[in-house]
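A.B. asks: First the structure, then my questions, so here it is.
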Amino acid sequence: MITAGMDLGSKFIKIVILKDGEIIARVKMLSGFEQEVTANDAMKEACEQAGIESDAIDRIVATGVGRSIAPFAHNKLTEVGAAARGAIARLPETRTVIDVGAEEGRAILITPEGKVRDFAINEKCAAGSGTFTETMARALELELAEFGQLSLKSDKVIPMNAQCAVFAESEVVSLLHAKTPKHDIARAVHDAIASRIVSMARRVSVEKEVLLVGGMAYNVGFVASMKRTLEMEIHVADEPDYVPAEGAAWTAYDKASAI
Amino acid sequence: MPKYQTEPLKCWKKAKELRDKYYLDYATAHERGGLRWTGGAWAFDAIPAGLGDDVYPITGEPYAAGIAFNKPFSLRCLEEAESKGWARDLCAYMRNYWGSMYLDEYNTGGKYPKPDFAFQDHICCSHAKWYQHVAEYKNIPYFCIDISVGPYKDLNEDRLMFVVNQMHESIEFLEKTTGRTYDDEKLIEAVKNDCRLTSVWAEICALNRNIPAPLDEKTMYSLYVFGTLQKAKKEFADFYEELRDEVQDRVDRGIAAIANERCRLMSDTQPPWGFLKVFRYLEGYGALSVGSLYSFGLIGIWEDKPDGTWGPRTTPMDKGIPIDTRDQALRILADWNLSKPEFQHFYDAGLKTKMMLRIVKEWKLDGVMLHMNRGCEGLSCGISENRLGIAEAGVPVMTFEGNMGDEREFDEIKTRDRMDTFMETLGLERSES
């Protein structure tokens, strides 16, 4: 049985194809302005990678902010449902999933069966998201990977407002004018985001094992801040931004198997 | 396939006519030699009723909710209030109302009809200042009753008299302000109407315990409003009895609010008035909100029944308590209104959680949707505590941010997305997907 999951995120479109429960293709493309066109291109590339024709796929499930316009999809799944299913596939012991992508941060509490018990999503501000980190890195004239690495060199705690991306950016500018070293500013930014995400996660409670997924989990500075703020060990998924797409593919697999 | 039969409410047209007449009566009161007053929906409107049958109120919250539904006008009102220097995070109702006043435009057309006096009570910080500002801006007399006497469970004689004594003073104020002689018989009649209307509304809400629910909350919003417009008005109390009989008939015949009911929810606080369609969106899942502490308890007056359930409070008339004098009427009016469920959680979020969990259990609900309403600090204060209490009780709960009266603070797409997620966690799929 061949199934696929499509995650139409605000920045990247990710596609995962499973064959009998094994991943046989993984593709990621910048979403761009024409998400539907990108989704078609990504699916074509995924099928080539898997060595299959697109009509060989038994079921496709779409997730992500753009899921409503997803071509080919048989079913739609919310980002929360996709991240939860993907997390259970990666680490069955997961009880809390923290998913931080380009646009949103989410905390999801799941049952041992992988069902969502409770969830929280960041509200109307980009301050808890990957896009905010990119903006801050740009303000410091750093590449994103460099921004994460650099923050590990800091041992200073500088409080920063992460309730509003605009105010936080102006604080970064103030710190720059005060000749604060870049690595301290980088850590302050990551600590602020982590503080916001952890506060949201604690609204639904944080239970072991915790799995961090989403594109922000690539950022080592953010991961370190999350561990410090949560005061516990967390698991960081490999290729963390694929987890929701995998969750969608697994949901397609579950649905196709149930027929 | 639809499971239940459904049909429109027969008294819907009458409800609309009564509502339109209310706003028209207020606007045209002076043409008939009558008086106009303004205040909040929580005001003791039975008291000005003693001035005569030609005294018409306009209550700020439903008026402002109507403005919020009229989005282009609402935006102008909000911007006008902000241009005067008022902060954007103040009560959204208040800003819409003030905007209408500043622009000198009435939501239903024409100029903003200047009230002759303002009559209010201190239910929250905004309410305390709202009509004080109206009075200053329009140069009209103002009387406000302080009702900060704590929750009803702690009410004692001293606390009750603190309110009743102010009510007596308010009658002296009304006589002096209007030059009219106060009629205690009209007060007594109005108090009886208040008790009757608010008890019958609770009776209507209690009928929604039935499966399928005869009413959905979006429809209830258009009906509960009479209790916010003028609780002491005979025509409105009569209308609620008519509505109660129709809803009972729907229950008897198994008529549902939505044909595919399979998930029963409750909401909380005022909804985003400009986006009530989100309730219709839920129907795609077979989900409906059967009410809330807000729609049940802002108007309805409730009591514990012998079987342990929550039911309409027995009126003083049914208990045979005499209401023959001004003092008796005012004591009953104060006691009755201070027992309003929505009043209680201004003092303790825990009391609200208890009432909400009671509704979840008795109305057989599957989940709770909490509106973290930036437009109303009074009703939103403590919502996170409520959320925690509901979640700890094992009841599925979701939150969404918004504003009841400022569409700039409501994201419809995100809210729908949040609802999709909540429905998914409850194992529901949209019928059209």
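A.B. asks: Name the long-range amide H neighbours of B:Thr399: under 5 Å, sequence gap of 5 or more, or other chain; modelled H, no Pro or chain starts.
C.D. replies: Excluding prolines and chain starts, which carry no amide H, the hits are B:Leu370.
A.B. asks: Related question: Report relative contact order for region A:92-236 in percent, whole number only (criteria: Cα-Cα under 8 Å, sequence separation at least 6).
C.D. replies: Numbers: 268 pairs, mean separation 46.4, N = 145.
Taking the mean separation of contacting Cα pairs over the length of region A:92-236, I get 32 percent.
A.B. asks: With everything on Cα atoms, drop me the angle between helix B:125-138 and the longest principal axis of chain B, reported from 0 to 90° to the nearest 10.
C.D. replies: Compared with the principal axis, the helix lies near 50 degrees.
A.B. asks: Starting from the Cα of A:Thr111, step 7 Å along the direction of its Cβ; do the same at B:Glu169; then give the gap between the two resulting points in nm.
C.D. replies: 5.8
A.B. asks: Tell me the relative contact order for region B:11-142 as a rounded percent, counting alpha carbon contacts under 8 Å between residues six or more apart.
C.D. replies: Values: 172 pairs, mean separation 32.7, N = 132.
Normalised by residue count, the contact order of region B:11-142 is 25 percent.
A.B. asks: Compute the Cα gyration tensor for chain B, then decide on rounded, prolate or oblate, letting a ≥ b ≥ c be the square roots of its eigenvalues: rounded whenever a/c is under 1.5, prolate when a/b is larger than b/c in the other cases, and oblate in all that remain. Each step should come with its number before you reach the end.
C.D. replies: Details: a/c = 1.62, a/b = 1.32, b/c = 1.22.
In terms of gyration-tensor shape, prolate.
A.B. asks: At 0.36 nm per residue, minus the direct Cα-Cα distance, what do B:Glu303 and B:Lys71 gain on full extension? Give it in nm, one decimal, please.
C.D. replies: Working: separation 232, 0.36 × 232 = 83.52 nm, distance 3.84 nm.
Between B:Glu303 and B:Lys71, full extension yields 79.7 nm more.
A.B. asks: Right, next: Lysine pairs in region A:92-236 with alpha-carbon atoms under 20 Å apart, 8 or more places apart or on different chains: how many are there? Walk me through the intermediate numbers first.
C.D. replies: Numbers: A:Lys115/A:Lys208; A:Lys153/A:Lys179; A:Lys153/A:Lys182; A:Lys153/A:Lys227; A:Lys156/A:Lys179; A:Lys156/A:Lys182; A:Lys156/A:Lys227; A:Lys208/A:Lys227.
Lysine pairs, 8 or more places apart or on different chains, close enough: 8.
A.B. asks: Evaluate peptide B:389-401: per residue, the Cβ atoms of other protein chains within 10 Å of its Cβ; return the mean as an integer. Intermediate values should be presented prior to the final figure.
C.D. replies: Values: counts 0, 0, 6, 1, 0, 1, 0, 3, 2, 4, 5, 2, 3.
The mean count of partner-chain Cβ atoms within 10 Å per residue comes to 2.
A.B. asks: Moving on to the next point. About the Cα centre, and with charges only on the beta carbon of Lys, Arg (+1) and Asp, Glu (-1), how big is the dipole of region B:29-136? Nearest 20 debye, please.
C.D. replies: Numbers: 10 positive and 14 negative charges, 52 e Å.
Dipole of region B:29-136, to the nearest 20 debye: 240 debye.
A.B. asks: Here's another thing I want to ask about it. Please give the FRET efficiency for B:Arg253 paired with B:Asp348, using the beta carbon to beta carbon distance and R0 = 45 Å, rounded to the nearest 0.05.
C.D. replies: Numbers: r = 41 Å, r/R0 = 0.91.
Efficiency for this residue pair is about 0.65.
A.B. asks: Take A:Glu146 and A:Met1, extend 7 Å from each Cα along the Cα→Cβ direction, and tell me the distance between the two endpoints in nm.
C.D. replies: 4.8
A.B. asks: Another one. Residue farthest toward the positive end of the dipole of region A:123-259, with Cβ of Lys/Arg at +1 and Asp/Glu at -1: which of A:His177, A:Val236, A:Leu150?
C.D. replies: Of A:His177, A:Val236, A:Leu150, it is A:His177.
A.B. asks: I would also like to ask the following. Of B:Phe296, B:Tyr285, B:Tyr22, whose Cα points farthest to the positive end of the dipole of region B:5-425 (charges on the beta-carbon: +1 Lys, Arg; -1 Asp, Glu; origin at the Cα centre)?
C.D. replies: The residue sitting most towards the positive pole is B:Tyr285.
A.B. asks: What residue among A:Phe132, A:Phe12, A:Phe167 shows peak mean-square fluctuation when chain A is described by a Gaussian network model with Cα springs under 10 Å?
C.D. replies: A:Phe167
A.B. asks: Next question, about the same structure. State, to one decimal in nm, how far the label point of B:Glu7 lies from the label point of B:Leu24, with both points 7 Å from Cα in the Cβ direction.
C.D. replies: Placing both labels 7 Å along Cα→Cβ, they lie 2.9 nm apart.
A.B. asks: Within 10 Å of each Cβ in peptide A:77-85, how many partner chain Cβ atoms are there on average? Round it to a whole number, please. All intermediate terms of the calculation are to be shown ahead of the outcome.
C.D. replies: Details: counts 3, 9, 3, 7, 4, 1, 0, 2, 0.
Counting Cβ atoms of other protein chains within 10 Å of each residue's Cβ and averaging gives 3.
A.B. asks: Further, regarding this structure: How do the peptides B:178-187, B:290-299, B:338-347 rank, highest first, by the average count of neighbouring beta carbon atoms within 10 Å per residue?
C.D. replies: On the way: B:178-187: 15.1, B:290-299: 26.0, B:338-347: 20.3.
The peptides rank, most packed first, as B:290-299, B:338-347, B:178-187.
A.B. asks: Give the relative contact order (percent, whole number) for region B:5-425; include only Cα pairs under 8 Å separated by 6+ residues. Could the numbers behind the result be given before it?
C.D. replies: Numbers: 730 pairs, mean separation 77.8, N = 421.
In percent, rounded to a whole number, it is 18.
A.B. asks: Enter the Cα centre distance for the pair region B:121-167 and region B:357-433, rounded to the nearest angstrom.
C.D. replies: Taking the Cα centre of each part, region B:121-167 and region B:357-433 sit 31 Å apart.
No value in this document is a laboratory result; all are computed from the given coordinates. Since the structure is predicted, the reported quantities are computational estimates derived from the model, not experimental observations. So basically every Cβ, Gly included, is an ideal-geometry build from the backbone, and we count neighbours across all protein chains shown.
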